[in-house]
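One structure is given below, encoded as structure tokens.
The values are calculated or read from the model by the stated rules, or taken from the named source; none is laboratory data. Predicted model, so just to flag it, every value in this text is computed and none were measured. Here Cβ is always computed from backbone atoms with ideal geometry, including for glycine, and neighbour counts include all displayed protein chains. Just so you know, the surface numbers come from the protein's heavy atoms only, side chains and all, with ligands and any DNA or RNA stripped out. Shrake-Rupley method; radii C 1.70, N 1.55, O 1.52, S 1.80 Å.
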Amino acid sequence: MATLGRTTNSTAEELRSIIVTGASSGIGAYCARALKADGWRVFATARKPDDIAALEADGIEAFYLDYREGESIEALVASVLERTGGRLDALFNNGAYGQPGAVEDLPVAALREQFEANVFGWHDLTRRVMPAMRRQGHGRLVHCSSILGLTPVPFRGAYAASKHAIEGLMLCMHQELQGSGIHVSLIEPGPVTSKIASNGLVWFLKNIDYENSVHRLAYKAQLERLRAGGSTSRLKPGPEVVYAALRHALLSRRPRPHYVVTVPARIGVVLKRVLPASMLYRLLAKRA
């Protein structure tokens with residue numbers, strides 16, 4: 001049963017302030033607005049002024065944040081804690097991008113930048129909110145990982161590596177925070193309607209020399225899919241499925257460490273459990 005408090009005796013006024021990153025579109029935009037509608041005080045982040053203005057127009061307190069810029073992370077936390085009197089109930093690390101491309105075609109600089117945005121920035125922001133949560137004795141740290149943090153697929157090595165890193169880092173933190181009143185959860189969606197595919201096209205064109213790659217024929221199909229906005233399927237739901245998991249992670253007395261979201265993601269987890277690794281990887285490779 002869900003509760004708005006941090007313990008069984010908590011009141012509805014307690015677990016109410018949250019930072020939501022990557023709120024310009026997709027999962028972050030939906031969750032920021034849904035949380036606002038559910039009575040939360042939402043501090044949402046985006047990089048572009050127009051996206052910040054759109055959030056503010058909907059009554060959300062919005063800030064600039066680029067995970068690759070440590071000063072923007074520091075400024076965000078300082079501003080939020082100043083507005084809340086030093087309290088923060090929850091953080092939803094969501095902002096990220098996916099660098100497509102075969103591993104052998106990835107420049108080291110591209111992989112490093114992927115980790116700056118998807119791992120190191122998340123770590124920095126998480127560490128900066130921890131003192132406030134320690135002082136108040138409660139908090140929820142929820143990270144939007146991916147099914148690719150649990151299973152590999154071809155041509156998504158950089159993104160999958162960043163999500164595997166988040167899984168390992170934050171699950172260790174989950175254990176380290178036992179008994180503290182601070183809970184860590186990972187949401188692991190499969191394909192969800194968002195702009196991550198179209199945004200990934202920009203990074204692909206920037207960093208991958210696809211015309212001179214041994215994978216150029218495979219890249220042709222990848223480019224067509226990216227330009228079309230990613231895969232299409234009746235099994236590809238909207239961001240509301242992620243919000244349902246986020247809401248449970250924020251409000252439940254016993255939030256789960258893992259929330260595997262969407263049918264394809266659940267199938268992937270089951271197949272990983274029951275199939276021999278070589279068979280699983282052959283199956284996943286065919287879906288590239």
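For segment 40-58, a tally of residues being under 17 Å from the mean Cα position of the chain (by Cα), more than 12 Å from Ala29 (Cβ to Cβ) and not basic (Lys, Arg) returns 1. Residues in segment 32-53 that are out of contact with any Lys or Arg (no Cβ under 9 Å at 6 or more places or on another chain), open to solvent by less than 50 Å² (accessible area, probe 1.4 Å) and within 17 Å of Ser194 (Cα to Cα): Ala32, Thr45, Ala46, Asp51.
Pairs linking a residue in segment 81-92 that is among the aromatic types (Phe, Trp, Tyr) to a residue that is open to solvent by less than 10 Å² (accessible area, probe 1.4 Å) and in a loop (DSSP other than H, G, I, E, B), with Cβ atoms under 9 Å and 6 or more positions apart or on different chains, are Phe92/Thr21. When Pro100 is tested against (1) under 18 Å from Asn207 (Cβ atoms); (2) open to solvent by 10 Å² or more (accessible area, probe 1.4 Å); (3) not aliphatic (A, V, I, L, M), just one condition goes unmet, and that condition is (2). In segment 78-97, how many residues are buried (at least 19 other Cβ atoms within 10 Å of the Cβ) and either polar (S, T, N, Q) or within 17 Å of the chain's Cα centre (by Cα) (or both)? Qualifying residue count, segment 78-97: 8.
Of all positions in segment 249-264, at least one carries a residue that is closer than 21 Å to Pro100 by Cβ and outside any loop (DSSP other than H, G, I, E, B). Screening Glu116 with (1) part of a helix (DSSP H, G or I); (2) buried (at least 19 other Cβ atoms within 10 Å of the Cβ) gives one miss only, at (2).
Is it true that some residue in segment 161-168 is within 14 Å of Gly139 (Cα to Cα), open to solvent by 10 Å² or more (accessible area, probe 1.4 Å), without any contact (Cβ under 8 Å) to a residue 60 or more places away in the chain and touching a Leu at 6+ places or on another chain (Cβ under 9 Å)? Scanning segment 161-168 turns up no residue that is within 14 Å of Gly139 (Cα to Cα), open to solvent by 10 Å² or more (accessible area, probe 1.4 Å), without any contact (Cβ under 8 Å) to a residue 60 or more places away in the chain and touching a Leu at 6+ places or on another chain (Cβ under 9 Å). Residue count for segment 261-279, restricted to those that are closer than 20 Å to Glu167 by Cα and either of a type in the set (S, T, N, Q) or open to solvent by less than 40 Å² (accessible area, probe 1.4 Å) (or both): 5.
Within segment 62-69, does at least one residue satisfy the condition of being within 20 Å of the chain's Cα centre (by Cα), over 26 Å from Leu223 (Cβ atoms), of a type in the set (Ser, Thr, Tyr) and open to solvent by 70 Å² or more (accessible area, probe 1.4 Å)? Within segment 62-69, one or more residues are within 20 Å of the chain's Cα centre (by Cα), over 26 Å from Leu223 (Cβ atoms), of a type in the set (Ser, Thr, Tyr) and open to solvent by 70 Å² or more (accessible area, probe 1.4 Å).
In the condition set (1) within 21 Å of Gly139 (Cα to Cα); (2) surrounded by 17 or more Cβ atoms within 10 Å (Cβ to Cβ); (3) of a type in the set (A, V, I, L, M), Ala75 is compliant with all but (2). Taken over segment 147-206, the residue count meeting the criterion of being polar (S, T, N, Q) and part of a helix (DSSP H, G or I) is 4. Quick one: in segment 119-138, which of the residues that are touching a residue at least 60 places away in the same chain (Cβ under 8 Å) and in a helix (DSSP H, G or I) is farthest from Gly168 (Cα to Cα)? My answer is Val129.
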